[in-house]
Amino acid sequence: MDKLFDRVLVTGGAGYCGSLLVPQLLDQGYKVTVYDTMFFGDAFLPKDNVNLRVVKGDIRDTAHLAAATAGQDAFVSLACISNDASFELDEALSTSVNMDAFEPMVLAAKQAGVRRFIYASSSSVYGVSDRPDVTEDHPLVPLTLYNKFKGMCEPLLWKHMADDFTAVTIRPATVCGYSPRTRLDLSVNILTNHAVNKGAITVFGGDQMRPNLHIEDMVDAYQLMLEAPHEKIHGEVFNIGSGAGRTVAEMIEVIQGVVNVDKPVRTMDERVRPDRSEVTALICDITKATGRLGYKPEVPFEVGIAAVRDYLVAHRPPDPSTYHI
């Protein structure tokens with residue numbers, strides 16, 4: 001697809017997905033502004049690129065964000081408190097970031113003249129489902145506040161969409177793989193960390209289904225939303241995933257082969273599972289994104305594991321027992 005815009009602002013551009021998306025957009029000739037709190041630094045951003053502008057800021061500071069957004073054509077909304085565990089550490093803080101700041105951010109973007117707003121929601125908004133493939137019209141039955149707020153922000157975006165303000169929401173599966181700001185609190189990355197650094201993987205149960213998506217396929221989907229025609233995405237929701245899923249036990253088998261660790265598995269008794277949200281998940285149907293936009297995930301599951309393995313071997317992060325699944 002051809003470029004429709006020149007200037008793109010990415011909130012959370014120094015985060016897990018943002019730190020891979022930003023260099024890719026720069027390589028494609030976009031002028032990119034990163035707006036991020038930089039809690040995890042920004043040394044990994046390609047600051048020598050003349051088309052990159054880095055702004056340290058909090059999305060709750062609407063005036064500052066509005067100033068940074070002036071002159072931008074498109075807005076990619078990635079910044080948030082990004083998982084249930086972090087949300088629970090400070091619910092008030094998480095609510096202010098993930099919920100309260102959202103509509104003012106949308107309005108700031110629209111008033112600044114942004115012509116396209118891409119919102120990263122989550123497939124977790126569906127909750128748990130018995131359906132074999134969950135489409136975008138599935139009821140939203142979130143199990144946690146993180147999931148609930150992700151879903152509640154979607155209609156706030158629809159309130160402000162207009163013919164000259166294209167609005168689109170994507171609901172990604174759980175992302176995995178390496179980026180310049182790698183996260184180790186995501187299911188595949190957690191299990192790979194345990195295999196590399198402990199020689200054993202401890203899980204609750206093992207029959208939980210996890211829909212995974214390689215981070216490079218995730219980043220490609222964001223670029224696709226920037227380049228798709230208005231009429232194909234305006235006011236629409238798209239599931240973004242691999243179109244497949246594995247149980248945790250199946251994931252462990254693959255990880256064991258990639259990491260080359262003998263029997264790195266110890267399964268906990270089923271009675272210690274934390275709650276129903278940890279027992280199972282769902283597989284998102286990506287037919288809409290594939291049929292309408294030509295979206296096609298291409299990176300094999302094993303490639304993501306190998307990249308995280310190599311990162312872990314090179315950097316040896318802190319105690320891997322911090323994370324579990």
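All of the numbers you see were taken from the coordinates with simple rules; none came from a lab. If you're wondering where the values come from, they're calculated on a predicted model, not measured in any experiment. Cβ sites come from the backbone with ideal geometry, for glycine too, and all protein chains shown count toward neighbours.
General observations
- Pairwise label distance in nanometres, HIS230 with THR202, each label 7 Å out on the Cα-Cβ vector: 5.5
- Farthest towards the positive end of the charge dipole of the chain, among the residues GLN111, VAL196, PRO46, is the Cα of PRO46, using unit charges on the Cβ of Lys, Arg, Asp and Glu.
- The phi-based Karplus calculation (6.51 cos²θ - 1.76 cosθ + 1.60; θ = phi - 60°) puts the 3J(HN,Hα) values of region 206-217 at x, 8, 4, 8, 10, x, 10, 9, 5, 4, 5, 5 Hz, whole numbers, x for Gly and Pro.
- Under the simplified labelling scheme, the LEU140-THR62 pair shows an inter-label distance of 2.0 nm, with each label point 7 Å from Cα along Cα→Cβ.
- Projecting label points 7 angstrom from Cα along Cα→Cβ for ASN51 and THR290 puts them 3.2 nm apart.
- The chain: angle of helix 102-111 to the longest principal axis, Cα-based, in degrees nearest 10: 30
- Dividing the helix sum by the residues of the chain, where each DSSP H run of 4 or more adds -39500 (n - 2.57), gives a mean residue ellipticity at 222 nm of -10500 deg cm²/dmol.
- Computed extension length for MET209-GLN28: 61.6 nm, one decimal, from 0.36 nm per residue of separation with the Cα-Cα distance subtracted.
- Contact order, relative form, for region 47-160: 30 percent (alpha carbon pairs under 8 Å, 6 or more residues apart, mean separation divided by residue count).
- Descending by average beta-carbon neighbour count within 10 Å, the peptides 153-160, 13-20, 132-139, 101-108 line up as 13-20, 101-108, 153-160, 132-139, the highest first.
- Formal net charge of residues neighbouring VAL54 (Cβ-Cβ distance under 12 Å; K, R +1; D, E -1): 0
- Principal-axis tilt of helix 145-158 within the chain, Cα atoms, nearest 10 degrees: 30
- Within the shell defined by Cβ-Cβ distances under 9 Å, the residues around VAL258 carry a net charge of 0, with Lys and Arg each +1 and Asp and Glu each -1.
- Across LEU282, LEU89, LEU186, mean-square fluctuation computed from a Gaussian network of the chain (C-alpha pairs under 10 Å connected) peaks at LEU89.
- Calculated FRET efficiency for the pair ASP2/GLU88, C-beta based, R₀ 56 Å, to 0.05: 0.80
- Relative to one another, the C-alpha centroids of region 161-194 and region 201-218 are positioned 13 Å apart.
- The dipole here belongs to the chain: it is taken about the Cα centre, uses +1 on the Cβ of Lys and Arg and -1 on the Cβ of Asp and Glu, and is about 320 debye.
- Summing +1 for each Lys or Arg and -1 for each Asp or Glu among the other residues whose beta-carbon sits under 14 angstrom from that of LEU156 gives +1.
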